[in-house]
1. Explain nothing, just the number: relative contact order of the chain, from Cα pairs under 8 Å at least 6 residues apart, as a whole percent.
2. Evaluate the relative contact order of region 76-193 (contact order divided by residue number), counting alpha-carbon pairs under 8 angstrom at least 6 apart; express in whole percent.
3. Considering every pair of different Cα atoms, what Kirkwood radius, in Å, is found for the chain?
4. With only alpha-carbon atoms counted, please give the Rg and Dmax of region 87-142, in Å.
5. Check the straight Cα-Cα distances from Lys218 and name the lysines below 16 Å, setting aside those fewer than 8 residues away within the same chain.
6. For region 141-147, take each phi angle, set θ = phi - 60°, evaluate the Karplus expression 6.51 cos²θ - 1.76 cosθ + 1.60, and give the result in whole Hz per residue in order, putting x for glycine and proline.
7. So how strong a dipole does the chain carry about its Cα centre when Lys and Arg Cβ are +1 and Asp and Glu Cβ are -1, to the nearest 20 debye?
8. Just report the Cα centroid separation between region 266-310 and region 133-184, whole Å.
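Values quoted throughout were computed directly from the atomic coordinates according to the rules given, and no laboratory measurement underlies them. For clarity, every value in this text was computed on a predicted model and none was experimentally measured. Virtual Cβ from ideal backbone geometry, glycine too; neighbours counted across all protein chains shown.
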Amino acid sequence: MTFYHQDEQLNQLGNQILNLIWQEFPKFNQTKIALTWIVYDPPIIVNTGGALSPEEFWQYPLRGFSYRGKERIYPASLVKLFYLVAIEEWLNNGMIASSPETERAIQDMIVLSSNDATSLIVDLLTGTTSGPELSAGPFATWKHQRNIVNRYFQSLGWRELENINVNQKTWTDGAYGRERAFLGELRENRNMLTSDAIARLLHSIVGGVAVSSQRSQKMMSLLKRSLNPDEFVISDGENQITGFLGESLPNHAQLWSKAGWTSQVRHDAAYIEIPEFQPYLLIVLSESQNKAILPFISHAVVEAMKQISV
């Protein structure tokens, strides 16, 4: 059982959205996408500055829709959301000390989607470093340390996180040395997430209960996006808006999101507020490089929100 329930209205609208996708992109493999959509009915319990305790927050019922929401997919840079929560947990508990370099890396990991910054964050989280291959004994210790982030998320007891893997760095060119050996000959140990897992994590951040209210608000500030695609361009020409969910939002919408992309996938995880509608969470994992798919889905969801009733 997931942290949300599916009802007749959202199931109907969700299936209509899927049918629109198949009609617009008839050559798109229907097994190459996963989607989770959560609608926040009044009383709105998210983006309140952490007004509710975690105990109260998790008792509020949610309704949502998912398509292949439990399917494991390579998440690209969406894994950085998990490293963001983990590093804030480590800092909050004094497991590592804050420093200007740590804070700079946290910001660049999320705002710039920097793989170099993410490498430092993974090193800080796990006490491991990249480098040449290791002999069997030291490598076993290294692998155990590298899995500490997986153990942390398993300790939360969330069913959505039971089948995920978040123990790999993100790369521009690829893994080498001990990192390549850890990845596996067939890359069988690569990061893997589901849209439901990402949705629950983002839900906790937006709800102000990820680590602490203060740290959730800090994470939200890093995830806030301008809808102006020219305002912030990352080095490879991407901006986390064009070709993603934010592209087709109305100008007065507010967006908090983290995008992920490679030569083979294009993903986005977003919390969206549009004044005339109820707030909603939308996670789309697309194993495609077609830059029209995510904006099309986002537009279809905005149209569907016009029909939402409590």
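1. Once divided by the residue count of the chain, the mean separation gives 24 percent.
2. Values: 121 pairs, mean separation 31.9, N = 118.
Relative contact order, region 76-193: 27 percent.
3. Here the Kirkwood hydrodynamic radius works out to 19.8 Å.
4. My reading of the Cα-based Rg and Dmax gives 13.0, 38 Å.
5. Result set, ordered by chain and number: Lys80, Lys258.
6. Values, residue by residue: 5, 4, 5, 4, 5, 5, 8 Hz.
7. Working: 26 positive and 32 negative charges, 118 e Å.
Magnitude of the dipole: close to 560 debye.
8. Result: 31 Å between the Cα centres.
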